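Down below is the structure, laid out as structure tokens.
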């Protein structure tokens with residue numbers, strides 16, 4: 001196939017291009033900010049200019065972009081979208097049902113939601129890693145961190161959506177606080193949307209109203225629970241785990257802003273580059289943490305794949321699919337509470353050979369079964385079926 005690959009600040013781009021080309025596809029990469037808009041005449045001009053030059057068979061993006069689907073549907077082009085974010089509000093665009101779409105979701109629970117709604121353009125495909133690239137970044141394996149965490153703490157101003165509903169009435173605020181704190185301690189089940197009743201939604205809309213997208217079917221309950229409450233619950237969970245661990249061990253946090261105001265005992269590692277810095281951090285940390293965003297109910301997030309694909313040792317919260325694709329205690333380790341995380345960190349920091357063996361098992365399994373080459377093969381089996 002001739003594939004037009006559109007991207008804007010996407011992860012995994014070189015890995016996917018390499019896998020597509022290895023499978024015999026011709027790929028043209030275009031970086032295009034305009035694709036992030038729902039409506040953009042400039043994007044339509046850019047898109048048409050490339051289609052006029054080459055007779056493409058398909059368009060590929062990481063994550064789903066309604067404007068790309070509209071153009072592909074109009075021109076009778078296959079649109080392949082592989083989603084690595086969750087939540088992703090664009091999946092509630094009415095364009096999702098366009099017959100040109102082949103949308104692949106990494107979280108099985110999210111896939112089942114659309115499947116049960118009889119959306120025939122959505123499929124399940126877990127993420128993966130490229131060990132060949134990830135393991136090539138450092139020749140010095142000596143540890144620089146005992147424990148590290150790479151990711152957002154959701155304390156940055158743009159992430160603190162929960163603060164925008166501070167003016168809500170006292171009863172509703174107390175109820176929401178209790179829900180969020182409960183969710184912070186639960187993995188594998190997202191309760192927040194189910195527990196948002198009409199009166200709570202009305203109270204939030206009163207202080208911070210939500211305007212749905214004109215082509216979208218997302219509900220206020222979805223937006224408030226996934227983006228406002230879910231991020232707050234994740235912030236609490238991440239801070240709790242990191243605080244507990246940093247009380248006993250040297251913990252380095254790599255995130256967007258200095259976090260020592262909320263986590264005084266951690267070492268702040270700064271913001272790191274996904275391609276150039278992150279693999280080295282994962283390889284040279286004795287223990288790498290994955291604390292999954294609460295809105296990802298069953299799937300394996302990209303961070304966990306990258307840690308394992310680097311040959312790093314992974315200590316994660318419980319994720320159902322992580323336990324399906326990998327063996328706990330053989331390929332990775334999961335904790336069930338903050339206290340359990342402390343106990344397991346202490347054990348594996350003092351049992352180096354066992355820790356190294358577990359990390360080695362995981363990267364070997366990924367190389368054998370879970371590379372981009374494997375996923376491209378699976379993807380096109382579905383597309384061609």
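Each reported figure results from applying straightforward, stated rules to the coordinates on display, with no laboratory input. A quick note: this is a predicted structure, and the numbers were derived from the prediction, not measured. Backbone-built Cβ (ideal geometry, glycine too); neighbour counts: all protein chains shown.
At what distance in angstrom do the alpha carbon centres of the range 1-75 and the range 316-385 lie from each other?
With the range 1-75 and the range 316-385 each reduced to a Cα centre, they are spaced 31 Å.
Report for the chain the percent antiparallel among DSSP-assigned beta bridges with both residues inside it, nearest 5.
Around 0 percent antiparallel, to the nearest 5.
For Cα extents along the principal axes in Å, the choices are (1) 85, 54, 41; (2) 78, 52, 40; (3) 60, 56, 35; which was calculated from the structure?
(3)
Under a GNM of the chain (C-alpha, springs under 10 Å), which listed residue has the highest mean-square fluctuation: 282, 62, 43?
Result: 43 has the largest fluctuation of those listed.
So if I take the centroid of the Cα atoms in the range 124-156 and the same for the range 86-101, what is the distance between those two points in Å?
30
Report Rg (one decimal) and Dmax (nearest whole number) for the range 256-344, counting Cα atoms only, units Å.
Taking only Cα atoms of the range 256-344, I get Rg and Dmax of 13.6, 38 Å.
Can you tell me, using C-alpha contacts under 8 Å and at least 6 residues apart, the relative contact order of the chain as a whole percent? Provide the component values of the computation, followed by the final result.
Values: 650 pairs, mean separation 68.4, N = 385.
This gives 18 percent for the chain.
Among 330, 7, which comes first, second and so on when ranked by fewest other beta-carbon atoms within 10 Å? Display every interim value, and only then the final one.
Values: 330 12, 7 19.
Lowest count first: 330, 7.
Kindly rank 352-359, 180-187 from highest to lowest mean number of other beta carbons found within 10 Å of each residue. Intermediate values should be presented prior to the final figure.
Details: 352-359: 15.6, 180-187: 17.4.
Per-residue mean Cβ counts within 10 Å order the peptides as 180-187, 352-359.
State, to one decimal in nm, how far the label point of residue 119 lies from the label point of residue 186, with both points 7 Å from Cα in the Cβ direction.
Each label point is offset 7 Å from its Cα along the Cβ direction, giving 2.3 nm.
Taking the square root of 5 times each eigenvalue of the Cα gyration tensor, what semi-axes in Å does the equivalent ellipsoid of the range 209-276 have, largest first?
In descending order, the three semi-axes are 33, 16, 9 Å.
So if each residue of separation counts as 0.36 nm, and I subtract the Cα-Cα distance between residue 2 and residue 276, what length gain in nm does that give?
Working: separation 274, 0.36 × 274 = 98.64 nm, distance 2.94 nm.
Gain on stretching residue 2 to residue 276: 95.7 nm.
Taking the chain as a Gaussian network, where each spring joins two C-alpha atoms under 10 Å apart, which residue of 375, 286, 164 fluctuates the most?
Residue with maximal mean-square fluctuation among 375, 286, 164: 164.
How do 343, 257, 321 line up, fewest other C-beta atoms within 10 Å first?
Numbers: 343 12, 257 15, 321 22.
Result, fewest neighbours first: 343, 257, 321.
Give me 211, 292, 28, 121 ranked fewest to most by other Cβ atoms within 10 Å of their Cβ, as a rough exposure proxy.
Least to most surrounded, the residues fall as 211, 28, 121, 292.
Looking only at 142, 81, 316, which one moves most when the chain is put into a Gaussian network model with springs between Cα atoms under 10 Å?
Between 142, 81, 316, it is 142 that shows the largest mean-square fluctuation.
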